[in-house]
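Here's the structure we're looking at; comments come further down.
Just so it is clear, none of the values below were taken in a lab; they were calculated from the coordinates. Given the structure is predicted, the values throughout are model-derived calculations rather than measurements. As a convention, Cβ positions derive from the backbone with ideal geometry for all residues, glycine included, and neighbour counts pool all protein chains shown.
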Amino acid sequence: MDISIKLFGGPSRDMVGVLQQSRQGTPVRARYLLCRPLGQEAVRTAAIFRVLSDRLAREGCEVLRFDYHGTGDSSGEEDQQSLGDWVEDTLAAHAQLDPGAGVPVNWFGMGLGATLAMRAALRAKTPPAHLVLWEPVMAGPAYVQALLDAHRAELAREFGHPWERLLRQGKVNEPTLPGDVLGFQVGPQLARDLQTLSALDVAPALRRGIRVTCGVHAEQHTPLARLQNGPLLRLHTVEARINWMSSQAMGTAIVPPDLPRTLLSTLD
């Protein structure tokens, strides 16, 4: 397999990606854009994205995974970002994958990366053929609360005492947005974007003719089930329950087995 570093996005929003291709001379079955989650979730799922890229490349795919501007190895200030900016970054990454010769371009997004992928797919001049959303953010306020709760839990675990005790002793401060949450700076615009993020709606993508596979937990099927009558939407029940905001997820060395299976099924 051929692996190369891809620099793109222009001088004002330069980004870094990793392009992985199958063996030279092998016909390309599909091109895949992998959209990562944000913050600690991106750190703790990095190995999963490498494994998925390897697996897809072995199946004859060209795969690009990348860091949004202001995240990971890409330049930019963390606290100057917004969901709108990252949607533009996703479109710029999509432009690096040539959909020529009848080869489909599919996208995979996880966590907040799935939300960004959904929004970008509605903006793309040539939309992805298939959109795989894995544990997408279903609603902004609940996601913000999960971030704040995870921040408290991580510090309580680090100090070895309950959060309330640490707070009384003045050893910690209540996390707030904007601010530092789980070691990442969330700026004013991103904080507003997250707090006002509406419920996930895949209907516009379906109307655009995009096939959508949505990997969610069983209790999250209800708001999506009414759309499953048509041929374009497939709901998949995620088997593993892993809190990717928790440091304990760093010990998750095995990729949830239904994840690569779901991605490979899009090649059939």
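Observations on the structure shown:
- Among His161, His217, His130, residue whose mean-square fluctuation peaks in a GNM of the chain (springs only between Cα atoms under 10 Å): His161
- Length added when fully stretched, Ser12-Lys125, from 0.36 nm per residue minus Cα-Cα: 38.5 nm
- Its DSSP H runs of at least 4 residues, each contributing -39,500 (n - 2.57), put the calculated 222 nm mean residue ellipticity of the chain at -9500 deg cm²/dmol, to the nearest 500.
- Neighbour-count ranking [beta-carbon atoms within 10 angstrom, fewest first] of Cys61, Cys35: Cys61, Cys35
- Each label point was placed 7 Å from the Cα along the Cα-to-Cβ direction; for Ala101 and Glu164 their separation is 6.4 nm.
- Taking label points 7 Å from Cα along the Cα-to-Cβ direction, Ser75 and Ala146 give a separation of 3.3 nm.
- Over the chain, relative contact order from alpha-carbon pairs under 8 Å, at least 6 apart, %: 19
- In a simple Cβ point-charge model (Lys, Arg +1; Asp, Glu -1; nothing else charged), the chain has a dipole of about 700 debye relative to its Cα centre.
- Hull volume per residue, based on the alpha-carbon atoms of the chain and their convex hull, is 131 Å³.
- Cα centroids of region 120-180 and region 29-90: 18 Å apart.
- Solvent-free Debye calculation, one equal scatterer per alpha-carbon of region 140-198: log10 I(q)/I(0) at 0.14, 0.17 Å⁻¹ equals -0.40, -0.57.
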